[in-house]
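Data block below; observations after.
The values are calculated or read from the model by the stated rules, or taken from the named source; none is laboratory data. None of these values were measured; they are calculated from a predicted model. When we count neighbours, we look across all protein chains shown, and the Cβ atoms used for this are built from the backbone with ideal geometry, even at glycine.
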Amino acid sequence: MGKTRGHLLTEQNNPKSDNLDQLSPLELVELFNQEDLCTTKSIEQAKFELAKAIEMITSRLSAGGRLFYVGAGTSGRLGVLDAAECPPTFCTHPELVQAIIAGGESALVRSSEGLEDSAAEGEEIVKIRGINEKDVLVGIMAGGTTPYVHGALHGARTLGATTIALACVPQEQVKIEADLDIRLLTGPEIVAGSTRLKAGTATKMALNILSTGVMVRLGKVHGNRMVDVSVTNSKLQDRALRILEDLTGIARHEAEHLLESSGQKVKLALLMFWSGLDAQQSQQLLDQNQGKLRSALNSHRKSI
């Protein structure tokens, strides 16, 4: 027999949806919309912890570390989604942000929540993935009790990695051993216990904030433009050209030539345009400034 979890905030009944099966489609939508306001409130209440997480992750990645998300079920799938979006959006190496889901890739499309019950497997997977003291592991759990994730957090801490916990229940209900413990309190779900709803939405919001915040701090964004965008298809090439046009004021054909001369690297193209340096000199300047375009520009201006 498993332990009862009825006391958890994410498992409790929501009195606002007691008559859910009697609502019209419009009333259903209105109720969902009303309850989803809890997700933004939960982010607001956790803003200081999320900001601290951005600092911690940025520090580790700047020093050569990696970011790992670990979860099971919906939480695991959200981690996989966020990790998968980093290479095309920020041109990161696939190993920089990685996701581990209980059950492996097959769990992405087929429910395998039973695989979340082994803490030993969670602890073992961090060893298999070579997690070390340079890395950060974010354990994602809606109810905060997933043994697989607890095992992964414990294993990562043993190996010297920085650990962050992300859960949707109060700390007094579930204790999680981690260097930083973030709680997103979204309350009982419209369908009792279905944490793919508000808890899942808040988790997705938090992961968006973490990964994007870290990439901004790492210099992957200039202003609000994704200047490290990976130009791998026509849509992203058009976006790259529009960034160049908007930020430099040059015509489309000039932007095409500039992008080509930079090796399809938007950040490099911008530095070449603004500094007058060639591609090799611009790349050296970026390398000297940890890939941060604004710092590279300021450095060049001071040297003139």
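Taking interchain pairs and intrachain pairs at least six residues apart, which have beta carbon atoms under 9 angstrom, with the first residue in the stretch 233-246 and among the acidic types (Asp, Glu) and the second assigned to a helix (DSSP H, G or I)? Hits for this filter: GLU245/ARG252; GLU245/GLU254; GLU245/ALA255.
Screening the stretch 249-268 for residues that are in contact with an Asp or Glu (Cβ under 9 Å, 6 or more places away or on another chain) and among the hydrophobic types (A, V, I, L, M, F, W, C) and picking the one that is farthest from VAL221 (Cα to Cα) gives ALA251. Of note, ALA192 satisfies the criterion of being under 23 Å from THR10 (Cα atoms) and assigned to a loop (DSSP other than H, G, I, E, B).
If you filter the stretch 194-236 down to residues that are small (Gly, Ala, Ser) and surrounded by fewer than 19 Cβ atoms within 10 Å (Cβ to Cβ), you find that the one that is modelled with the highest pLDDT is GLY213.
Filtered by the rule that a residue be within 19 Å of ASN224 (Cβ to Cβ) and either loosely packed, with under 12 Cβ neighbours inside 10 Å or of a type in the set (A, V, I, L, M) (or both), the stretch 295-304 gives ALA296, LEU297.
Quick one: which helices (runs of 4 or more DSSP H) lie wholly within the stretch 247-302 and hold at least 3 residues that are over 16 Å from GLN237 (Cβ atoms), more than 29 Å from the chain's Cα centre (by Cα) and without any contact (Cβ under 8 Å) to a residue 40 or more places away in the chain? Full working, then the answer.
Working: elements: 252-261, 266-275, 279-288.
Passing ranges, in order: 266-275, 279-288.
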